Amino acid sequence: MTTVAARSSSILTEPEYRIEGRDKVTGAARYAADVAMPGMLHAAFVTSPFPHARIVSVDASAARAVSGVRAVITGADTRPARFGRRLQDWPVLCWERVLFIGDRVAAVAADTPAIADEAARLVVVEYEELPAILDSAAALAEGAPILHPDSATYAYAGGARPERSHQNIQGHGVREHGDVEAGFRAAHRVYEHTFVVPRVHQAYLEPRASLVWLDGERVRVVTTNKAPFALREHMSASLGIPEARIVVDAGHIGGDFGGKGLTPDEFALYHLARATGRPVRSVMRFADDVQGTNTRHAATITLRTAVDRDGRILAHTSRVVFDGGAYAAGKPVATLMPGDAMLTLAGYRLPAARVEATTVYTNQVPAGHSRAPGQPQNSFAAESHMDLIARDLGIDPLDLRERNVVRSGDIDITGSAWHGTDGHVLLARLRAASRYDVRRKQTDETDGTGLGVALGVRHVGRGRASTVLRLENGTLELHTGVSDQGGGAHTLFQRIVASELGVPLDRVRVVREATDAVPSDPGVGGSRVTPVQGSAALDAARKLKARLTEVGGSLDGDHRLEVTGEASQEGHESSMYGYVLEAAVDVETGVVKVGRATLVADVGTVINPVALRGQLEGGFVFGLGQALMEELLMEDGRVTNPNLGDYKLPTIADAPPLDIELITEHPGPGPFGAKSVGELANPAVGPAVANAVEDASGARVMTMPVTAEKVWAALSARR
Amino acid sequence: MTFEYHEPRELGPALDLLARHGQDAHLIAGGTATVLLLRQGLLRPGHVIGLRRIESLGGIARTSDGGLRIGAMATHRAVERSPMARAYSPALTDAFASVATIRIRNQATVGGNLAHADPAQDPPPMLAAFGATVTARSSRGERTIPVADLAVDHFTTSLAGDEIITEVVLPPIVEGTRAAYLKFLPKTADDYATVSVAATLRLASDGTVAAASIFLGAVGPTPIRARRVEDALRGRARGDIGEAAALVGEEIDPVDDARGSSEYKRRMARVWTERTLAQLLR
């Protein structure tokens, strides 16, 4: 008889086997683009070639005449439907105006993708071009065209939309604490710097794909969306169909990096499926994805900081302007800004601060969520700013951070007491692990080499989740609505349940199900899976354990037990991480070669040791790409490098050695003391590189990415 | 994308198909370029002629005079790994080994590369610097074209529509000639060159430069011969090359793109020309 044992900690220390690993390696795993239905049609879209234009007329007659075309719909058929995660401002198909290159005007369903594409080309749209807003500064300029004059009519989920001072503002926030003016008056020095961060793309390799069909009263959706319950809610709101009639199935997701919380296709596919009575699928080309969906926000960030003689911060003000693009639809948070838009100097003790952030409408590709929204932008600004201050004051950059870093209870940029990693512990570990003092001396003595330091902060995920754990005929099955986007969620749940019940891993099956078969789930995002969904899995295991006495304490036999594990994680705890990395600069060419890097991260209890390292290493390389090379090059609203041949990502040959040291002894609020790790690596790479470059060469680059050409130009200007 | 696919086993039928279908036919060798063009809708041929089964187009061998013959269908990887190619010149190996990734090099062919005529490719400047020629066959006959004259503009060659490149022939190397291929990659290891420099150089007995052949990639519509640099180098001693290298800026015509501004590329062409020459004169 199998009884539950005391909690098995050995399960957590063994390297994990990924539940879905075999299917992925053998090719058995099915992604949304692999799913086909009998009689399925293929969709193509007609998109705007102009960043801003009035639609004068749409003539689809030639497209409808093509053999194999089953339906052509236009904005006239879908109006007034709009979609969005919080604010529904994005038309399913435009009927009056188009607001960016790539905005959709018509959709085709046809027997093959080639026929659909051909028909889409035959739709004749007459446009009247309008003046376009191509950068965020122009959005609020006098006489700027108002891009959303009817915004008062847009649905906004969860209450009333916050007031705005200008119609081209998507979201706005101001926060102030302490006596800012007194802080600046008392300053030994005041520093002000402006930083610019460009649009970048998440660059997942799995294409976005969606398949929609009508099954009697039901609307069935297969999708790459990582938050299927949220998509169900959005479709319900946008299309006027009760949620109970929509079933969303999101299986394996081949890369997300924050971008797959918004999917623009399902809404039009529903209309096409209704018009044809057949399943309709769309698989997005990478170039269309880059030009058509939610990129990271470009930002202009001005930081102003007052310090005393020792470099201690007295007061801080900041102004952040994000280019939100044509629609705010991709942003799920109530402020309609990237989640961490207002954390402009995170991780430091701030007696007084005033932060102002704004997201504006422009005629660019809509910006949405991308890994650690708002953080890479603000981290680049803040950690570059700290280094510039240290350099000017003649204080070592790590010393300056030690003087200002938060400890528990200190007031930080949020105006509240810091709960999380003790900054001194983190920086001491970083100093030791990187052999900072020795390497500082070495790099100081070697021309063209330098060290860069950067500190990073990320909240532990919050929210509510529930999951079902079922014991039936001796088998434990955890039923979850969480799609695994590569982070290892299902393996994590299996290990938590097996560990808590003290049973071998193979006694626990994890079953992912569509929205009609499991309790509502908030989806993957916000560093939520481990602390929230993981806690729900642990709660389920504990509840099951408590009820085992009902069946004689044994897991074997033909009895059936079902419990629902729940978790609500509303605390405001944060973790810290820090980098020391070495860079060598070729002064003739500006080429930056990142050498050995050290990452220290406060991760709490480790559940998936392999995936955890993978998350940190992957986050580092992700950050390195954005630090050194990634940028969507825009020309009059058009992306000019919309392919992975020109939009380069680091390859394995470009990844420098990374030493990782984990701080595990301070438990977090997640299961068994776990924290979140998904974003404890990527945002601070950019400033660590920029800081190392200045240390190595004297060239300071104030814009991301820190390309060879920018370094070369900065060095040329100094000569 | 629909077309009729042909896969002849001999060159003759391939030439006949090409002659018969003219503009409506497109050749496919390794496919690394053609498939991208097809998928992007930039090519819409009615007929695609696959060359992979034509055995006479393969092979790498030394020629009787000490040169090297590379069959048009030899892959980049095959050249990279060929002891005969390395014996001819390690710089030839370097040029092929610096193309993209192993996956691409295992698929992309030497003839396909030359016919594609992307000015940022690695092998063409090196082959041109060695004075290589291609053999072009058509149903009308055969002719020899210097690699230096093959590309005439971006993605445009001097090949006639009915011609197929069958081989590349490198002449014997004059005793004492040194060669190098340097590729400037400021972003990733698998990228196209921002600037590349291929050079061969022979020293006279007094240590001065007797002859030089220098071609640059990615800084104009075709590989560009740096004639002024070559002329200025003649008779110079090592340690006296900076002035000659500086002349490269007058010969090239780089464009602004994702790999850098025109100005930056112009400056980098000079830096990398100097570095290439310095390596050859070490």
Peptides A:322-331, B:36-45 ordered by average Cβ neighbours within 10 Å, highest first: A:322-331, B:36-45
Space enclosed by the convex hull of the alpha-carbon atoms of the range B:178-280, per residue, Å³: 83
Pair-distance profile P(r), taking every C-alpha pair of chain B, with 10 angstrom steps and integer %: 7, 29, 34, 21, 7, 1, 0
Candidates per GluC sites (Glu not before Pro) in the range A:120-209, loop by DSSP, up to 12 other Cβ within 10 Å: A:Glu142, A:Glu163
Those trypsin sites (Lys or Arg not before Pro) in the range B:126-230 that DSSP places in a loop and that have at most 15 other beta carbons within 10 Å: B:Arg140
10 Å-binned pair-distance histogram of the range A:89-178 (Cα, whole percent): 12, 33, 29, 18, 7, 2, 0
P(r) histogram, all alpha-carbon pairs of the range A:362-407 included - 5 Å bins from 0, percent: 5, 18, 19, 17, 14, 9, 7, 7, 4
C-alpha center-to-center spacing [the range A:691-718, the range B:165-205] in angstrom: 31
Furthest towards positive pole of dipole, B:Ser213, A:Phe267, A:Ile169, structure part the protein assembly as shown, Cβ charges: B:Ser213
Residue mean of other protein chain beta carbons inside 10 Å, A:647-656: 4
Square roots of 5 times each gyration tensor eigenvalue, C-alpha, the range A:106-247, largest first, Å: 42, 24, 19
Förster-model FRET efficiency, 25 Å R0, A:Asp392 and A:Arg719, C-beta, rounded to 0.05: 0.70
Förster radius 25 Å - calculated FRET efficiency between A:Asp558 and A:Glu513 (Cβ-Cβ, nearest 0.05): 0.60
Mean Cβ neighbour count within 10 Å, used as a protection proxy, ranking B:59-69, B:122-132 highest first: B:122-132, B:59-69
For the range A:229-358: relative contact order, % (alpha-carbon pairs under 8 angstrom, 6 or more apart): 18
Built amide H within the under 5 Å cut-off of A:Val510, gap 5+: A:Leu478
Rounded to whole Hz, the Karplus (6.51, -1.76, 1.60) HN-Hα couplings of the range A:613-621, x for glycine and proline: 5, x, 4, 6, 5, x, x, 5, 5
Entries of A:Lys710/B:Lys187; A:Lys226/A:Lys543; A:Lys441/A:Lys710; A:Lys441/B:Lys187 with Cα pairs more than 20 Å apart: A:Lys226/A:Lys543; A:Lys441/A:Lys710; A:Lys441/B:Lys187
A:Ala428 versus A:Thr112: modelled label distance in nm, points set 7 Å from Cα along the beta carbon direction: 6.9
Sparse-neighbourhood loop sites, trypsin sites (Lys or Arg not before Pro) in the range A:397-437 - DSSP loop, at most 16 other Cβ within 10 angstrom: A:Arg407, A:Arg435
Stokes-Einstein D for the range B:109-169, Kirkwood Rh over Cα pairs, 37 °C, 0.692 mPa s (µm²/s): 289
Area projected by the alpha carbon convex hull of the range A:23-167, averaged over all directions, nm²: 12.6
Rg over Rh, two decimals, the range B:4-50 (C-alpha only, Kirkwood Rh): 0.97
Only Lys, Arg (+1) and Asp, Glu (-1) charged, at Cβ; the range B:178-280 dipole about Cα centre in debye: 260
Cα centroid separation - the range B:80-159 against the range A:81-108, whole Å: 48
Other protein chain Cβ atoms within 10 Å, averaged over every residue that makes up A:636-646: 2
For B:190-200, mean number of other protein chain Cβ atoms within 10 Å: 2
Rounded if a/c under 1.5, otherwise prolate or oblate - chain A, Cα gyration tensor axes: oblate
For the range A:556-584 and the range A:161-215, distance of Cα centres in Å: 26
Rounded to whole Hz, the Karplus (6.51, -1.76, 1.60) HN-Hα couplings of the range B:270-278, x for glycine and proline: 5, 4, 7, 5, 5, 5, 5, 5, 4
Protection proxy ranking, peptides B:254-260, B:204-210, A:420-426, average beta carbon neighbours within 10 Å, highest first: A:420-426, B:254-260, B:204-210
Likely footprinting exposure, A:Ser697, A:Ser568, fewest C-beta neighbours within 10 Å first: A:Ser568, A:Ser697
³J(HN,Hα) computed for each position of the range A:361-372 - Karplus, 6.51 cos²θ - 1.76 cosθ + 1.60, integer Hz, glycine/proline x: 7, 9, 8, 10, 3, x, 8, x, 8, 9, 2, 6
Spatially proximal aspartates and glutamates relative to A:Lys331 (Cα-Cα < 14 Å; intrachain offsets below 8 disregarded): A:Asp89, A:Asp323, A:Asp340
Debye intensity ratio in log₁₀ form over the Cα atoms of the range B:58-170, taken at each q of 0.11, 0.19 Å⁻¹: -0.30, -0.94
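Laboratory data are not the source of any read-out in this text; all were calculated from the coordinates shown. These numbers were taken from a predicted model, which means no experiment stands behind them. Cβ atoms come from the backbone with ideal geometry, glycine included; neighbour counts cover every protein chain shown.
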